[in-house]
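Undergrad: Take this structure first; my questions come after.
The values are calculated or read from the model by the stated rules, or taken from the named source; none is laboratory data. Keep in mind that this is a model prediction, so the values were computed, not measured. Using ideal geometry, Cβ is built from the backbone for each residue, glycine included, and neighbour counts are taken over all protein chains shown.
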Amino acid sequence: MKALTYIRQGEFALIEKPKPEIQSPRDAIVRVTLSSICTSDLHIKHGSVPRAVPGITVGHEMVGVVESVGSQVTAVVPGDRVTVNVETFCGDCFFCRHGYVNNCTDPNGGWALGCRIDGGQTEFVRVPYADQGLNKIPQGVTDEQALFVGDILATGFWAARISEISPEDTVLILGAGPTGICTLLCVLLKNPRKVIVCEKDPARIAFVREHYPQVLVCEPGECEAFVRSHSDHGGADVVLEVAGGSDTFTLAWQCARPNAIVTVVALYDEPQTLPLPQMYGKNLTFKTGGVDGCDCAEILRLIQLGKLDTTPLITHRFPLKDIQRAYDVFENRKDGVIKIAITPD
Ligand SMILES: [Zn+2]
Ligand SMILES: [Zn+2]
C-alpha cells in the first residue's frame, strides 16, 4: 500500500509499505476511506516535533472501515464505519478513568498515530486500544461529515465544554483557522448571548461572515475596544485562545473581564508571559490544552442530529497519489484552502 512517510526533516515521501497487522489483542486494522492534513503534520515535516519518528506514516485525522480486530476488542467489528481518535489512551489508568485521556500514563498514550506510530495518510492503519480509539459512525453520517471528529472537532468540543459558557455570556474566540472554527461551532451549541471572533486573515474573516452571520467579527488591532463595546462588564465573560500567535495570549487575558475564564487551546512556538502583577485583582481562571478527546460518540450524535456540520471546512479534495500537491496547497494556504480531504486511490 502507498503511505506518506516522514523521511527526514523537510521531507515526506509517498512510498510502498506492507499492510499493517494486528500486534496486540486490543488492536484493530482500519481501511482508511478518507483522511486529512493537519497543521501538526507540517510541524513534523519541519522537524519541530522531536518525538516524531522518521519512517512513520504521517496523518492523524481519518475515518474508515474496520478490517479486522484483535481478540480483546469488543466495541467494533469488521465492517463497522468508524472515526479514528488522534489520541491513544488505555481507558484504565487514573487519568483515563477521570476523562483526562490526554494524560494517559500508558507508554503508548497521547498523540501516537502519525507521530510515533504509523498514521492515516495511507490505505490501512493499525489503531491500538481500538475500543477507546474508534467510534462507530452513525447511520446517515457521511465520511466527510465525520472526518474531523477525532482531532480538531474533538478539540473544539472539549474547549467549549471546559469553558463553562452560560447563555448570558459574551464569548470571544481568538483565531478562525480550522480549529478555531470547530471551536466556534461547539461554542454556538451553548447558545451564549454574543460570540465574537477575532481573526486577521481576510479570507478567514470572509469565511466566518459567509457561514456564521450571527457571529461578530473583529481584527486583532481593534479587538480589545470592540469586545469592551459589545460586553456589559468590561470585557468578555469567556475567552478561548485558538490563534497561537506571538501576542495572542496577551490579547486573550486583556480582553477578558474580571473573574472571566480564559481557555488556552493554542499550541505556542515559544514561552508566553503571565504578568501576574499587571493582572493582580483581575482574578482570572486559566484553563489549558491539549484536548481530552473522549467525547467523540457525543460529537457524532450531534452531527447525526444536524447540530454540528464541519463540511464547509473541506475546501479541497485530492486522491492519495496527489497528496504532495495537497500539502503544497495546504502549507502555502493557496486558493483559499481551509481543510483538504484525501481519498485513497
Ligand atoms: Zn491534528
Ligand atoms: Zn490511560
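Undergrad: Kindly check whether there is at least one residue in segment 50-60 that is under 28 Å from residue 173 (Cα atoms) and surrounded by 24 or more Cβ atoms within 10 Å (Cβ to Cβ). Let's see the steps before the verdict.
TA: We begin by selecting, within segment 50-60, every residue under 28 Å from residue 173 (Cα atoms); these are 59-60.
Narrowing the set further to residues that are surrounded by 24 or more Cβ atoms within 10 Å (Cβ to Cβ) leaves 59-60.
Checked against the condition, which is being under 28 Å from residue 173 (Cα atoms) and surrounded by 24 or more Cβ atoms within 10 Å (Cβ to Cβ), segment 50-60 yields at least one hit.
Undergrad: Still on this model: Tell me whether segment 34-42 contains one or more residues that are more than 16 Å from ligand 1 (Cβ to nearest atom), in contact with a strand residue (DSSP E or B) (Cβ under 8 Å, 6 or more places away or on another chain), in contact (Cβ under 8 Å) with a residue 60 or more places away in the chain and not acidic (Asp, Glu).
TA: No, there is no match, as no residue in segment 34-42 is more than 16 Å from ligand 1 (Cβ to nearest atom), in contact with a strand residue (DSSP E or B) (Cβ under 8 Å, 6 or more places away or on another chain), in contact (Cβ under 8 Å) with a residue 60 or more places away in the chain and not acidic (Asp, Glu).
Undergrad: Which fully enclosed helices (runs of 4 or more DSSP H) of segment 130-212 have 2 or more residues being among the aromatic types (Phe, Trp, Tyr)?
TA: Filter on segment 130-212 gives 152-162.
Undergrad: Determine the pairs where a residue that is not assigned by TED's automatic domain parsing to the domain that holds residue 275, located within segment 235-263, has a partner that is assigned to a strand (DSSP E or B) and of a type outside the set (Asp, Glu) with Cβ atoms under 7 Å apart, the partner being 6 or more residues away or on another chain.
TA: The qualifying pairs do not exist here.
Undergrad: While we're looking at this one, here's another question. List pairs: first in segment 122-151 and more than 23 Å from residue 106 (Cα to Cα), second aliphatic (A, V, I, L, M) and within 16 Å of ligand 2 (Cβ to nearest atom), Cβ under 6 Å, 6+ apart or cross-chain?
TA: Nothing qualifies.
Undergrad: Looking at segment 71-130 only, could you name the residues that are in contact with a Gly (Cβ under 7 Å, 6 or more places away or on another chain), among the aliphatic types (A, V, I, L, M) and either within 14 Å of ligand 1 (Cβ to nearest atom) or not assigned by TED's automatic domain parsing to the domain that holds residue 59 (or both)?
TA: Those that are in contact with a Gly (Cβ under 7 Å, 6 or more places away or on another chain), among the aliphatic types (A, V, I, L, M) and either within 14 Å of ligand 1 (Cβ to nearest atom) or not assigned by TED's automatic domain parsing to the domain that holds residue 59 (or both): 84, 86, 113.
Undergrad: Further, regarding this structure: Return the total of residues in segment 24-78 being β-branched (Val, Ile, Thr) and under 18 Å from the mean Cα position of the chain (by Cα). Lay out the reasoning, then the answer.
TA: Let us first name the residues in segment 24-78 that are β-branched (Val, Ile, Thr), namely 29-30, 32-33, 37, 39, 44, 49, 53, 56-58, 63, 65-66, 69, 73-74, 76-77.
Those left that are additionally under 18 Å from the mean Cα position of the chain (by Cα): 37, 39, 44, 49, 58, 63.
The number of residues fulfilling the criteria is 6.
Undergrad: Which residue pairs have Cβ atoms closer than 7 Å, lie 6 or more positions apart in sequence or on different chains, and pair a first residue in segment 85-110 that is in contact (Cβ under 8 Å) with a residue 24 or more places away in the chain and within 23 Å of residue 59 (Cα to Cα) with a second residue that is within 16 Å of ligand 1 (Cβ to nearest atom) and of a type in the set (S, T, N, Q)?
TA: 87/102
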